[in-house]
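The next block holds one structure in the form of C-alpha cells; read it before the comments.
The values are calculated or read from the model by the stated rules, or taken from the named source; none is laboratory data. Here the structure is a predicted model, which is why all the values come from computation and not from measurement. Virtual Cβ from ideal backbone geometry, glycine too; neighbours counted across all protein chains shown.
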C-alpha cells in the first residue's frame, strides 16, 4: 500500500477545497443532485466511515472551532484515514484503492464544480484508481449504487478512463 499516493490525492482535494467560497457551496457538481456542499459532506462522511471501519484504534476526529477552514477539517479527517490504513496493512489494500479512487474522482468533481483547472494526478495514483475501477463488479454500478454505469467512450488518457469508469464525462 503506497500511502504517499493517497496523501497526494487528499492534498489535491484539500487544495481545491481551499478555493471554495461560501458562494460555491450551492454550485452543482457532476454528481447528480449534489451541490459542492453535499460533495464535501460526502467526502467527510466517507473518511469518517472508513476510519471507523478499519478499527476503533483510529484517533478520534479533532474537534475544531466554528472558524476552522473546510480544508483543515478535511485534512484532519484524511489523516485519520491514512493512520487507520497504515495500521490495517495488507488487510486494507482494497479499501485503500477504493478510497484513493473515490478521492481522486471527487477532486475532479470539485474542480469541475468550481471551474478550476485540474492538475493531473500522478501516474501512480491513476494506476491505482484504474486498477480498482476496472475490477468493480457490475452490481455495484447504476442508479442508486455506489458507482454510475460505465460510459462507453474511448479514453484519450488515463484520467479519462478513470472518469468514464466512474460514469463521468471528461470536460
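Observations
- Residue within the stretch 26-36 that is at negative phi, part of a helix (DSSP H, G or I) and out of contact with any helix residue (DSSP H, G or I) (no Cβ under 8 Å at 6 or more places or on another chain) present: no
- Filter result for residue 50 (closer than 22 Å to residue 168 by Cβ, surrounded by 18 or more Cβ atoms within 10 Å (Cβ to Cβ) and at pLDDT 90 or above): yes
- Verdict on residue 69 being within 19 Å of residue 2 (Cα to Cα) and surrounded by fewer than 21 Cβ atoms within 10 Å (Cβ to Cβ): no
- Filter pass, residue 127 being surrounded by 20 or more Cβ atoms within 10 Å (Cβ to Cβ) and either farther than 12 Å from residue 166 by Cα or touching a residue at least 60 places away in the same chain (Cβ under 8 Å) (or both): no
- Among the residues of the stretch 120-147, the ones that are within 15 Å of the chain's Cα centre (by Cα) and in a loop (DSSP other than H, G, I, E, B) come to 4 in all.
- Residue ID - nearest to residue 95 (Cα to Cα), chosen from residues in the stretch 12-23 that are surrounded by fewer than 18 Cβ atoms within 10 Å (Cβ to Cβ) and touching a residue at least 24 places away in the same chain (Cβ under 8 Å): 15
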